[in-house]
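Please treat every number below as a calculation from the coordinates, not as lab data. None of the values given here were measured: they were computed from a predicted structure. Cβ: placed from backbone, ideal geometry, glycine included. Neighbour counts: every protein chain shown.
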Amino acid sequence: MNPKRRPSSQKRSRWRIFGRVLLINIKWFSLAGILGVLFAGGLISGYVAALVHDEPVRSRQLIYEKVNENALTSFVFFNDQVTPVGRMRMEEDRQLVDLKDVPQSIVDALISTEDSQFYEHQGVDLKGTARAVKQKLLNENRQTGGSTLTQQVARRVFLSLDKTDSRKVKEMLLALRMERFMSKDKILTAYLNKMPFGNGSAGYNLYGIKSASLGIFNVSDLHKLHIAQAAYLAGLPQLPSVYSAFDGKGKFDEEGFDKAIERQHVVLGRMLATGKITRTEYNEGLHFDIKATLAPHREKSYNTFPYLMLETEREATRLLALQENPDITTAEISKPEHAELLQNTREELQRSGYRIYTTINKKVYNDMRQIAANPQNFSPYSKQKGLEQIAAIMIDHKTGAILGMIEGRDFNTEQMNYATQMTRQPGSAMKPIAAYLPALEKGYTQPAGLIDDSQIVLKDGRKGYHIPKNYNRRYEGLMTAREALNRSINIPALRLFLYEVKIPNAWNFVRSLGITTIQPQDEHAQTGVLGGLSKGVSVKELTAAYGTIPNMGVYNEPHLISKITDADGKIVYEFKPQAKRVYSQQTAFLMTDMLKTVISDPRGTGKRMQNAFKSYGTIDIAGKTGTTQNFGDVWFMGYTPDVTLGVWAGYRQQVNTLSQEGHSRAQSVWALIMNEAVKDQPQLFKNKHFTQPEGVVKVTVSSLTGKLPGSYSRQSGQLVTDWFNQKYVPTEVGREQRTRSSTPVVPSKPDAKDKAAPEKQEPATDQKEILPEETVPSDPETEIDTNGEINDVPPADGSQPSVENKQEPPSEPETQKEAPENKPSETIHTETPDQPKN
């Protein structure tokens, strides 16, 4: 071997050894690295798995449904179907918008600021995530978060808002899954409809770009927004509670506004940096006066129209619940076992974007509310009695549509709706519908028919007998039905109710007029026609019952809501009129003519309307008063040919009586409302006079017998000319006597055909209306002793009103100075000259 080559061989051998060792080391290091990576990956995977172990894998359908599910604001409208009453109770204000209706300036502002790589990434921006991790690890002052628009939607729809690692990982995984199933436009639309934008000028929390534009700038068309306004809105979702120009009450917040402007400048800068706007547009945006364009402060609808909003909410909830559960009746829906159903329906109503169209005429309603709010129209506040209350309902009786309401004096004092939720004793307002109307319909009497105002004795199931009396404690003998109604004399109405119509028939008739509060125990209420009911009636139902008279005997259900549509405009409820004839046109005409003279007759209980109603003599009116014991309640039910208006006045607790001035409160408020309505809404009063149907005729009869006059009646001039239903015109001459006694000699008995009637009408042993020897006062001064009662429907705040119904024994009316003289009822009524008196 050549010794010169040996060193070279040794060098190569050493390099081979080095190479082998290096390769082995590289292999081992690589293996260690791979194992390390795998180990780290395992750790990370395990950590991630631990974070998301309870997170379900959501299907395409579920993701799509949830992303497109929104709690939408529901709105209430007046009867023009355009003017809003307000939005339903919900702290959120959300209105949806399609992407095609969003201007590019808003899209550019949003993407430039929140997610500049929105159209490039697959749900997660790795660069942005890495930047956010670095900022968090180094605890840098400015931390961007790194969430893409898709991640923000995922968080808003599926997750909580907690700032935890678990939520962040879940958010990223959901964003990746959403991007697989949904287009970018769908995700962007969801963002624009779901994200919060702070408070609006009414104090509501604004959700979605459309609600934000309207609530902050009062701009409903997004294309009308200036670039500066678009940038302002785009900057809000990052910290909506901080960047807010308004507080929770809708008042201007200077500090929040300044921060929002700073954020707007950042957005404009990002738009300039990404080339979405020019330098000129940027400068214009900076100098735009945002403050000058902010929406003016608005009260929440539940502050502006609190009674109406709550009543609409209650009624719409009831209607939708009944529609979804046809097996439940109207009477059953308010029972306690259905409370949960009503609550669930109410929540759905508030957050599903419904449009509720009411029958309320805004001008009429505002006029009625102003009358109720004016303290000069009522007695001063009493520490003992509280606030004098008022309730009224105006109905278009041709359709049943409620045009206006007074639900109470002050919502802050009392949230209960006195017009719909309360029941009180009607006093003599019950006489026309429980006695005179059914008697006229059956021919038991006519306006000129004679009724004996003399003593009657009624059996009392507890103590024997009691004797009802008139307010003047006198009996006046025979008088016409018209005069008895004009002066609201008790005994004639009782005779019709007990001996002619009969109690069961009377209550069936009343129920056919829509009165639902007649109870089984009222079948024994011998004085029910005077208002002695176990529960009473509501203003709404009594007004609708009276509305059948000018509507010629046809009943229309009173209703507040004409239709309800869903968020897509589909009709989900619509009121369907179901007019029901209850009695004949002839009976309605006769009743109206009698109630007209309640006002026109000098001794009529409604005579003050001649001066109080400014259009008296131009527009026909008719009506009836009602009063309960010691003026605990006063009523006036009146109508024109087109509208019916019912008014009640009193205190929350019926034991508290009205002042001397308050005795006529219902009539004075009725006139105030009608005067305003005629002035402001003359189109409601197209018909000035009541119409006369066929089948009614004027006939002259004897005022001594109520039948065709004999020679003595003609010679002495004791005649009455009045309207008759042609079917019930007398055909025989009455048996006449020269004198007529008005002093009762013995307790009166019914005619022979009805002798058994009192026995059949005996009250139950728990009869409470009138004690033995108790008097039954009469309009216009006072009525039967009755128990005011509040309906068991809870008020809006959920509390149950506690109302005491203690009664004092009936007493002589404090305002009654003189009793009418006893004299025959020869007065000729209705378009006839006065006749000689006996």
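Taking square-rooted eigenvalues a ≥ b ≥ c of the alpha carbon gyration tensor, is the range 91-293 rounded, prolate or oblate, where a/c under 1.5 means rounded and, failing that, a/b exceeding b/c means prolate? In terms of gyration-tensor shape, rounded. Each Cα pair under 8 Å and six or more residues apart adds its sequence gap; the mean of these over the residue count of the range 91-293 is a relative contact order of 24 percent.
With 26 Å as the limit, the listed pairs Lys596/Lys679; Lys66/Lys276; Lys540/Lys686; Lys194/Lys363; Lys300/Lys614; Lys570/Lys679 have Lys66/Lys276; Lys194/Lys363; Lys300/Lys614; Lys570/Lys679 beyond it between alpha carbons. Tell me whether the range 327-453 comes out rounded, prolate or oblate; compute the Cα gyration tensor, take square roots of the eigenvalues as a ≥ b ≥ c, and use a/c under 1.5 as the rounded threshold. Cα axes put the range 327-453 in the oblate bin. Charge dipole (Cα centre; +1 on Lys/Arg Cβ, -1 on Asp/Glu Cβ; no other charges) of the range 540-621 amounts to roughly 280 debye. In percent, rounded to a whole number, the relative contact order of the range 190-300 is 29, using alpha-carbon pairs under 8 Å and six or more apart.
From most to least packed by mean Cβ count within 10 Å, the peptides 687-693, 641-647 give 641-647, 687-693. With viscosity 1.567 mPa s and temperature 4 °C, the Kirkwood radius over alpha carbon pairs of the range 306-378 converts through Stokes-Einstein to a diffusion coefficient of 91 µm²/s. Protection proxy ranking of 516-524, 598-606, by the mean of other Cβ atoms within 10 Å over each peptide's residues and highest first, is 598-606, 516-524. Within the shell defined by Cβ-Cβ distances under 11 Å, the residues around Gly443 carry a net charge of 0, with Lys and Arg each +1 and Asp and Glu each -1. Using the average count of surrounding beta-carbon atoms within 10 Å as a protection proxy, the listed peptides 234-242, 16-24, 725-733, 182-190 rank, highest first, as 234-242, 182-190, 725-733, 16-24.
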